[in-house]
Amino acid sequence: MHANLIATFGLNEDEKAYIEKNLPQKECEIMDTDEVTDIVAVSEFAVIVRADAMSQADIDLLYDYYGEVAPLSETVIFIGNVMIPAKLKKHIAVYKDFDTLKENLKYILLSAYRRQKKSENFSATLGNARGVYRTP
């Protein structure tokens, strides 16, 4: 099943509206949440969170989760002044503010969506090939 969600946390209404205007496909939607566990529990192709809207425990939960599953299938973006653990620096993008992110948001989301779709298509093809060539 293809993930058509962008999870957001701590964004204001104008920021969410901007993301909505820049969705890569019309079947994509935003899942705005105030529970970090929703981000971990749901499959999405992108995650955009405002670090200063999260407790340190929530940030640590995300770091622990992403550290376990890295390399990540989703694009993860933190907004604000946040220190990313060394092992996640290649996997999590940090923008100082939403205006900086806005400059390339459309292309970031399109790239994230395409990468997720390509990964899922590859997995489906691999799964089908294994079924065809399975020995009795």
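The values are calculated or read from the model by the stated rules, or taken from the named source; none is laboratory data. Values in this document were obtained by computation on a predicted structure and should not be read as measured data. A quick note on method: Cβ atoms are made from the backbone with ideal geometry, for glycine too, and the neighbour counts reach across all protein chains shown.
Descriptive notes on the structure:
- Within region 33-54, the only residue that satisfies the criterion of being of a type in the set (S, T, Y), in contact with a Leu (Cβ under 9 Å, 6 or more places away or on another chain) and modelled with pLDDT of 95 or more is T37.
- Scan region 16-28 for residues that are surrounded by 14 or more Cβ atoms within 10 Å (Cβ to Cβ) and either within 14 Å of the chain's Cα centre (by Cα) or without any contact (Cβ under 8 Å) to a residue 40 or more places away in the chain (or both) and the total you get is 5.
- When region 103-122 is filtered for residues that are at pLDDT 90 or above and among the polar types (S, T, N, Q), the ones remaining, listed by number, are N104, S111.
- Only listed residue being at pLDDT 95 or above, surrounded by fewer than 16 Cβ atoms within 10 Å (Cβ to Cβ) and more than 17 Å from the chain's Cα centre (by Cα), chosen from T100, T125: T100
- Out of I59, I39, sole residue that is farther than 16 Å from Y113 by Cα, under 11 Å from the mean Cα position of the chain (by Cα) and not small (G, A, S): I39
- Complete set of residues in region 29-61 that are free of Cβ contacts under 8 Å to residues at least 40 places away in the same chain and either of a type in the set (S, T, Y) or part of a loop (DSSP other than H, G, I, E, B) (or both): T33, D34, E35, T37, V42, S55
- Members of region 55-92 found to be under 18 Å from I6 (Cα atoms), of a type outside the set (V, I, T) and touching a Phe, Trp or Tyr at 6+ places or on another chain (Cβ under 7 Å), listed by number: L72, E74, H91
- L5 vs. criteria free of Cβ contacts under 8 Å to residues at least 60 places away in the same chain, in contact with a His (Cβ under 8 Å, 6 or more places away or on another chain) and closer than 20 Å to K117 by Cβ: no
- Here is the figure for region 64-79: residues that are more than 22 Å from K96 (Cα to Cα) and buried (at least 21 other Cβ atoms within 10 Å of the Cβ) total 0.
- Test: residue in region 73-81 that is part of a loop (DSSP other than H, G, I, E, B) and either in contact (Cβ under 8 Å) with a residue 60 or more places away in the chain or within 13 Å of the chain's Cα centre (by Cα) (or both): yes
- A7 surrounded by 13 or more Cβ atoms within 10 Å (Cβ to Cβ), of a type in the set (G, A, S) and at pLDDT 95 or above: yes
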